[in-house]
1. Separation between the residue A:115 and residue B:30 pseudo-spin-labels, each 7 Å from Cα along Cα→Cβ, expressed in nm?
2. Please list the equivalent ellipsoid semi-axes of chain A, computed as the square roots of five times the alpha-carbon gyration tensor eigenvalues, in descending order and whole angstrom.
3. Please give the charge dipole size of chain A, origin at the Cα centre, charges +1 on K and R Cβ atoms and -1 on D and E Cβ atoms. Round to the nearest 20 debye.
4. Taking only the Cα atoms of chain B, how large is their convex hull per residue, in Å³?
5. What is the dipole size for the protein assembly as shown, taken about its Cα centre, with +1 at each Lys and Arg Cβ and -1 at each Asp and Glu Cβ, in debye to the nearest 20?
6. Size of the dipole of the stretch B:73-114 about the Cα centre, Lys and Arg at +1 and Asp and Glu at -1 on the beta carbon, nothing else charged, in debye to 20?
7. Can you give the FRET efficiency for residue A:30 and residue B:113, using 1/(1 + (r/R0)^6), R0 = 30 Å, r = Cβ-Cβ distance, to the nearest 0.05?
8. Where Rh is the Kirkwood radius over the Cα pairs of the protein assembly as shown, the temperature 37 °C and the viscosity 0.692 mPa s, what D in µm²/s does Stokes-Einstein return?
Amino acid sequence: NAGVMQNPRHLVRRRGQEARLRCSPMKGHSHVYWYRQLPEEGLKFMVYLQKENIIDESGMPKERFSAEFPKEGPSILRIQQVVRGDSAAYFCASSTRRQGSGELFFGEGSRLTVL
Amino acid sequence: AQSVTQLDSQVPVFEEAPVELRCNYSSSVSVYLFWYVQYPNQGLQLLLKYLSGSTLVKGINGFEAEFNKSQTSFHLRKPSVHISDTAEYFCALSTQGGSEKLVFGKGTKLTVNP
């Protein structure tokens with residue numbers, strides 16, 4: 001009964017490199033959300049995806065960040081040309097989108113450190 | 001736009017003492033309300049949620065919260081805390097009829113001392 005799986009758990013990149021974070025939702029869940037947590041801050045919404053569709057990307061930075069959730073395989077959050085300010089914990093959450101449940105199930109996060 | 005305010009960034013208490021973590025929200029539409037707990041270097045775990053019905057909601061680990069619409073509050077309480085309750089607690093909301101997108105407060109670090 002696997003929960004939301006994220007990998008890698010820890011990722012170190014140098015400035016200018018690319019970071020790819022992967023998220024496999026819970027079995028039966030077809031909706032994925034990505035959040036970013038900066039030190040001393042709460043979680044900030046980034047993007048909401050269904051299979052092959054971006055539903056809401058209102059929280060995504062305009063440049064360098066992209067997300068996808070292909071028909072097969074995990075959701076991927078991609079950060080190009082990373083900068084020190086991208087250092088954060090990135091959390092993925094999934095849901096069934098069952099009307100009225102209003103509950104997200106979170107993974108353990110991917111912690112990105114940019115040197 | 002919706003927002004969540006957690007009034008205390010840190011709350012230190014002694015073991016077996018009662019605790020209340022405060023949460024206020026702002027929204028022009030009806031909301032669902034949640035409390036999540038995060039242990040160090042882990043993900044978020046749902047403590048409890050208010051969707052509708054009784055305004056007093058009971059969750060896991062002996063926590064409860066009361067929805068107060070007139071005061072737009074959803075404070076979390078526990079009558080007697082344990083060392084193991086030391087964690088960060090996040091209040092969050094989503095809008096009724098919308099997606100499950102959550103808006104989070106900045107969190108309250110609860111430290112339970114022996």
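1. For residue A:115 paired with residue B:30, the spin-label model returns 5.4 nm.
2. Values: eigenvalues 106, 39, 37 Å².
Semi-axes (√(5λ), whole Å): 23, 14, 14.
3. Details: 18 positive and 12 negative charges, 64 e Å.
Computed about the Cα centre, the dipole is about 300 debye.
4. Numbers: hull volume 11.0 nm³, N = 114.
Hull volume normalised by residue count: 97 Å³.
5. Values: 27 positive and 21 negative charges, 137 e Å.
Result for the protein assembly as shown is approximately 660 debye, rounded to the nearest 20.
6. Values: 5 positive and 3 negative charges, 21 e Å.
In debye, rounded to 20, the stretch B:73-114 gives about 100.
7. Numbers: r = 44 Å, r/R0 = 1.47.
That gives a FRET efficiency of 0.10.
8. Numbers: Rh = 18.2 Å.
Calculated translational D: 180 µm²/s.
Values quoted throughout were computed directly from the atomic coordinates according to the rules given, and no laboratory measurement underlies them. The structure presented is a predicted model; accordingly, all values stated were derived computationally and were not measured. Neighbour counts are summed over all protein chains in view; Cβ atoms, including those assigned to glycine, are modelled from backbone coordinates with ideal geometry.
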